[in-house]
Structures are given as structure tokens and as C-alpha cells.
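The values are calculated or read from the model by the stated rules, or taken from the named source; none is laboratory data. Please read these numbers as outputs of a predicted model, since none were measured by experiment. In case anyone asks, the SASA skips ligands and DNA or RNA and just uses the protein heavy atoms, side chains included. Shrake-Rupley method; radii C 1.70, N 1.55, O 1.52, S 1.80 Å.
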Amino acid sequence: MTGAALVFLDDARAREFAPFALTRPCCELRAGAELIRRRWEIALGQETAGFVSAPHLADFEEPWGCLPLRRSLPRGAIVVNSRCAVALRAADRAADLWRCEGRVAAVRLSAPVEPEHLADHPSLDTLVRPTARESTVAGWWLDQVWDLVRHLPAMLGDDVPALAERLGCAPRADVTRVGAHPVLVEEGATVEPLVVFDVTAGPVLVRRGAAVQAFTRLVGPCYVAEGTAIAGGRVATASLGEACRVHGELSTSILLGHANKSHDGFLGHSVLGRWVNLGAGTTNSNLKNTYGSVALWTPRGVEDTGLQFLGAFVGDHAKTAIGTRLTTGCVIGAGANVIGSGLGPRVIPPFAWSAGGSEAWELERFLATAERMMRRRSVTMSAAMRRLLSAAWHQQWSTAG
């Protein structure tokens, strides 16, 4: 590991970002158009050496992701608070300390540090030395998991032009456009006739390998990653990660990647983890009938978000049946299979089988389903990831039944 490599630290708050923290570190979440890890790689021009997080993520492994750090951090390594989503522009790469909104976002080590020390004392403040050369970076702090939704419009508005400039994407004039912001389509993307780009409120970027079919209305600011297909409908203020399938109405939402919303139904102000599949007609509520602020379940208890619009947070590998209805401010645990008529509860445990959450999705059946879905995208579940998911299942259900 080179001295300037990046290491991402999940502090105590990041480790509570349910339902995602059960199966992935915070740096592998998508904030705005990019993963938090990629945001810092772009800003500081460095590669990632790994992450330090809760012990249950020791087996985390994805083909495109970083791994848990198991070696000493040398002098010169840069430790980043993974809850800071830095802006996608070059930062001062010679600094020793980077602050965002006055808070410590990243620190260059002046001496070697063991990962165990960071795991037991997850705060960058202990690493700051008085003589450090400071610099300020633009960005957004994720103090709560719902800040992924809160900051999404502003982040996309900032991210899309920055990414387009990095990619060398010139504005397209040969598309149907409403509004003054640019439509940016990377070479290798497919945009069929009868697609409307509404760029009144912000730009749209469609990456290579993505396909936007006829009768789609893309409303900016909006980001469509590599290999994602949109098969009609209205998609507004969305960050769609790679290899997703989207159809219907989607608003102010993030799909981390490899997720399916392939049918009619509404998804608003929501975040879907990897390998999520929403059955046909799945619809969520993102606004209370009282028009009041939405409360959301967290590991600390139910908290008022202060947001009038908030939908569903759906963990990795979760599935919904056809016609599923999700209530306002819904949290669906990783690996849950939501089956049942009527409006479901606000919290569905990980690996639950049914909307009520009282039954478990049998472990081997869950793993077989997950592996089949991943193979459909030419991805193989590693032995390490199988161990992680199995341990998470046992953590939830070994004492539940």
C-alpha cells in the first residue's frame, strides 16, 4: 500500500445507517451521482486501500468495491470520514488535513496506525496534529441516512456537469429537450427517438452502455450510469447506478446499482441497495396525508426527519412481490422478501419472509435466490460475501425463532 492511499473510516453514526450498514460500508453507498469512495478518489487523485468499519463487515467483498483493511496504515496514508461526500472536483492534494463545513473530513497520517486502533476509536479528531497544513473542501455531510435523499437534488446539480467535463461529454443538440440546461450523452449510450429530456431544473447525463427507450421523460438533474436501461416512464431527479432496470415513475431516488424497478409503479424519495428487485406494481408513499414531516426508524429508535417527502430505504438483496404497497418512511432490511396484501409495516426485519416480518426467509433458499439474480448480471457471489450474508442472517434469526 502506498503512503498516499485512501482509507475510509465508518464512525459510530455511519455504522447505524440502516438498512445498508448490515451488509456494506458507508463508502460503498451512492451519494449524488457517485459512490462516496469514488468521490474522494476523484477529488484527491488517489486509489483506495480499504475501509475500517464494524467487525461484521470483515467479509465484505464485491468485484467493483474496496475491501476491509487488514494491514497497518503507513505514514502518509489519508484517512477519510466516509460520511463526507466531497464535491467531484480536484481538492488540494498537498494538504495534511481537509475540512468540510468546518468539520474534519480527512487526515493524512503523520505516523503508522493499526486498523484496530481506528476500529476501536472511530474518530478522525484523534489523528489531527497541531502543525497540519489545512485545506477546505466543498461537499455534503451525511449526518443521517436520509441525508442521501435530502441532499440529492443539490448534489446531482453539482455532480452532473463535473462528471461530464471529466468524461469530455459535449451537450447534445439532436434530442428533444425542454429547458436550458445541457443534455449530456456519453459515447456508447443509446437514446431512442421519442425520448424527452426536461432540463428545466438541471442537466441530465447518460453514461456509455446505458439505453433510454422511447416514451421516457428524463427530468434533470439526473444521472444514468453505465449499463442501465430505462424502458419508458418519468424519471426525475434520480441517481441510477450501473446495470439497473427502470420503468414507470421514479422521483428523487437513488438506486445503488444492479437493482430492478422494471414495471409500473411509483418510487419516490427512496434509496434502493444492490440486488433489490421491486415486483410489478410496487408503489411507495413518500408524503403523509397530513403533509407533516416523516419519521423514520433507526437503530436508535424512531426519529423525526424534518422532511415532508420521504419514501423507502431498501437494503441489499431485498425483494417485493407484485402489487406491494410501502408506507411513508419505510425501512426494509437486507434480504427481506416482502409478501402480503395491504399496506405493509414501517419496518421489515432483515431476511424476513412476509410483510409482517415474523417469518424468516430460509437461509439456503435466500442465498440460492441471490446467486441466481447475480448470475443474471454476470456477477458471481464470492465465498467471502456468502459468509457475510450468512452471518447477518444468523445475527437476525438465531434468537428470533
Original post:
Which of TRP64, TRP140, TRP353 moves most in a GNM of the chain, Cα contacts under 10 Å?
Top reply: TRP64
Original post:
Pick from ARG177, ARG207, ARG37: which is most flexible by mean-square fluctuation in a GNM of the chain where alpha carbon atoms under 10 Å apart are linked?
Top reply: ARG177
**OP:** Express the carbon and sulfur contribution to the solvent-accessible surface of the chain as a percent, rounded to the nearest whole number, probe 1.4 angstrom.
**Re:** 51 percent
Subject >> Enclosed volume per residue, in Å³, of the convex hull spanned by Cα atoms of the range 134-228 >> reply: 119 Å³
**OP:** Send over a whole-number figure in Å² for the accessible area per residue of the range 90-241, probe 1.4 Å.
**Re:** 43 Å²
**OP:** Determine the distance separating the Cα centre of the range 257-271 from the Cα centre of the range 368-401; give it in Å without decimals.
**Re:** 22 Å
Original post:
Along the range 325-330, what does the Karplus equation 6.51 cos²θ - 1.76 cosθ + 1.60 (θ = phi - 60°) give for ³J(HN,Hα), rounded to whole Hz, x for Gly and Pro?
Top reply: 10, 10, 6, 4, x, 9
Original post:
Over the range 83-176, what number does the Rg to Rh ratio reach, with both radii from the alpha-carbon atoms and Rh per Kirkwood?
Top reply: 1.09
**OP:** Tell me, rounded to the nearest percent, the portion of alpha carbon pairs in the range 202-297 spaced more than 22 Å apart.
**Re:** 22 percent
Original post:
Computed on alpha carbon atoms, what radius of gyration and Dmax characterise the range 265-323, expressed in Å?
Top reply: 12.4, 33
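Using the Kirkwood radius over C-alpha pairs as Rh, can you work out the diffusion coefficient of the range 204-258 via Stokes-Einstein at 37 °C, viscosity 0.692 mPa s, in µm² per second?
Translational D for this selection: 314 µm²/s.
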Original post:
Using a 1.4 angstrom probe with every protein chain in place, what is the largest-first accessible-area order of HIS117, HIS317?
Top reply: HIS117, HIS317
Original post:
Taking the Cα atoms of the range 19-101, what is the range of coordinates along each of the three principal axes, in descending order and whole Å?
Top reply: 34, 31, 24
Original post:
Of PHE51, PHE313, PHE17, which is the most mobile in a GNM of the chain whose springs link Cα atoms less than 10 angstrom apart?
Top reply: PHE17
